[in-house]
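No lab work stands behind these numbers, since they all come straight from the coordinates. Just so it is clear, the structure is predicted and the values come from calculations on it, not from any experiment. Here the Cβ is made from the backbone with ideal geometry for all residues, glycine too, and neighbour counts use every protein chain on show.
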Amino acid sequence: MKPSVLAEFWRIVQFGIVGVSATTTHILVALVLIRHAGMLPLIANTLAYLSAFWISFAGNYLWTFKANTPVWDSMARFFFISGMAFIINTLLLGVLLWGGMQPQWAALSAAVVVPPVSYLASRYWAFRRPHRQVPD
């Protein structure tokens, strides 16, 4: 395997590990806030999403993409990507359910489509390394 292909494969694995960690954080924070703090589910989910966002952003910025971009620029872009991923996931889920797909298969299908799109947007936009300027 070429070194560049191997490096990209490893970056995708890292992205997956960070994503699973963020998702686990989201689920656990939401459950704790709902069950033990008595918080309304929509508020708990919002706080859980924000907690997971920080895990995801830090993991991808520091580890997956080893970004050397300004942190606030990458954070704003990644927040936009995360929001769009949520919207795409929700719309796709709605369309699949409207089309008659069983809920568990619709949720699984939507969940499988979004991560590759999120990876590409993160790789080539949110954490993109600046192009080197060639002196004249």
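What to note about this one:
- Gain on full stretching of the segment that runs from residue 4 to residue 31 - 0.36 nm per residue minus C-alpha separation: 5.7 nm
- Each residue of the stretch 107-113 was assigned a 3J(HN,Hα) from its phi angle through the Karplus expression (A = 6.51, B = -1.76, C = 1.60, θ = phi - 60°), giving 5, 5, 4, 5, 5, 7, 6 Hz with x at Gly and Pro.
- Backbone N within the stretch 88-113 under 19 Å of label point (7 Å from residue 12 Cα along the Cβ vector): 109-113
- Separation in nanometres of the label points that stand 7 Å from Cα toward Cβ, at residue 42 and residue 97: 1.5
- Net charge in the neighbourhood of residue 127 (other residues with Cβ under 15 Å of its Cβ; Lys, Arg +1, Asp, Glu -1) is +4.
- Label-point separation in nm, residue 120 to residue 104, each point 7 Å along Cα→Cβ: 3.0
- Relative contact order of the chain, pairs being alpha-carbon contacts under 8 Å that are 6 or more residues apart, as %: 25
- Peptides 80-86, 40-46 ordered by packing proxy, namely the average of other Cβ atoms within 10 Å per residue, highest first: 80-86, 40-46.
- Gain upon complete extension [residue 112, residue 129; 0.36 nm per residue less C-alpha separation]: 3.4 nm
- Karplus 3J(HN,Hα) series, Hz, for the stretch 2-12 with 6.51 cos²θ - 1.76 cosθ + 1.60 (x for Gly, Pro): 5, x, 5, 5, 5, 5, 5, 4, 5, 5, 5
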